[in-house]
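In what follows, a single structure is set out as structure tokens and then discussed.
Taken together, the values in this text are just the output of simple stated rules run on the coordinates, not laboratory data. Only a predicted model underlies this, so the values are computations on that prediction, with no experimental measurement involved. Here the Cβ positions follow ideal geometry from the backbone for every residue, glycine too, while neighbour counts run over all protein chains shown.
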Amino acid sequence: MATIRLSLLLMLMTLLTQMTSLQAGKYNPTLSPGDAAPAWQGLPGVDGKKYSLSDFDSSKAILVVFTCNSCPYAVDIEDRLLAFHKKYGQKGVAVVAINVNKVEADLMPAMKEKAQQKGFQFPYLFDETQKIAKDYGAKRTPECFVLDQDRKVVYMGALDDSPEGKKISQRYVEAAVDMTLAGEKVELAETIPVGCAVRFERTRRSRRARSK
């Protein structure tokens, strides 16, 4: 009887593992291409306004990029993000930058200073709860997600094939956006994001849990 129960348990664990793998992407632990983009509500921006995903309903596509001030890789894409916004903003594509790090260099005062210094013309949002990064499965800064007009994730990963922005040969996000605007299926829908680890807060276990 015990052997039968053990076999059933192993079969259940295998099934759950397979289901989880089907739900996640190749490099993303949470989302896969084609999934509905997780929505957010009321995230504060450096301009003093609060933003929700629904605020961009009129956009033909959205580039959501998880970034911060303190990571060198994130700093390296700032000028490329500005160039992307200038090129694609007039085509109806929105850029939304989101920071969830809670170290002093990444808090709202520093974000405002960064946005003013660089001249960001797109929303730069802060999520103190860090929930939105977890919902997207974002693990790195920077990490990009392209959403189509139906707000499905059509691409996720790196901005391009050069973390430092030198000798770029493949512009992954631009290619994904071009195909999306043309109504075509994105050929390369997922790449490995390169950057610093998102600084998620550790959940402390209770004293009772530690003593077990």
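Scanning segment 100-107 turns up no residue that is polar (S, T, N, Q), surrounded by 12 or more Cβ atoms within 10 Å (Cβ to Cβ), over 20 Å from P193 (Cβ atoms) and within 17 Å of the chain's Cα centre (by Cα).
When segment 120-154 is limited to residues that are basic (K, R) and out of contact with any Ser or Thr (no Cβ under 8 Å at 6 or more places or on another chain), the one that is nearest to R80 (Cα to Cα) turns out to be R140. Considering only residues that are crowded, with 17+ Cβ neighbours inside 10 Å, within 20 Å of Q41 (Cα to Cα) and of a type in the set (K, R), which ones fall in segment 125-163? Selection gives K134, R151. Residue count for segment 164-182 satisfying the condition of being within 19 Å of F56 (Cβ to Cβ) and either small (G, A, S) or crowded, with 23+ Cβ neighbours inside 10 Å (or both): 3.
Look at (1) touching a Leu at 6+ places or on another chain (Cβ under 8 Å); (2) buried (at least 20 other Cβ atoms within 10 Å of the Cβ); (3) among the aromatic types (F, W, Y) and you find that F122 fails only one, number (2). Restricting segment 36-72 to residues that are outside any loop (DSSP other than H, G, I, E, B) and among the hydroxyl-bearing types (S, T, Y) leaves a set whose member that is nearest to A105 (Cα to Cα) is Y51.
Applying the selection to segment 54-95, what residues are over 15 Å from the mean Cα position of the chain (by Cα), of a type in the set (S, T, Y) and closer than 22 Å to K139 by Cα? Correct list: S70 only. In this structure, is K49 within 18 Å of the chain's Cα centre (by Cα) and over 26 Å from Y172 (Cβ atoms)? No, not satisfied.
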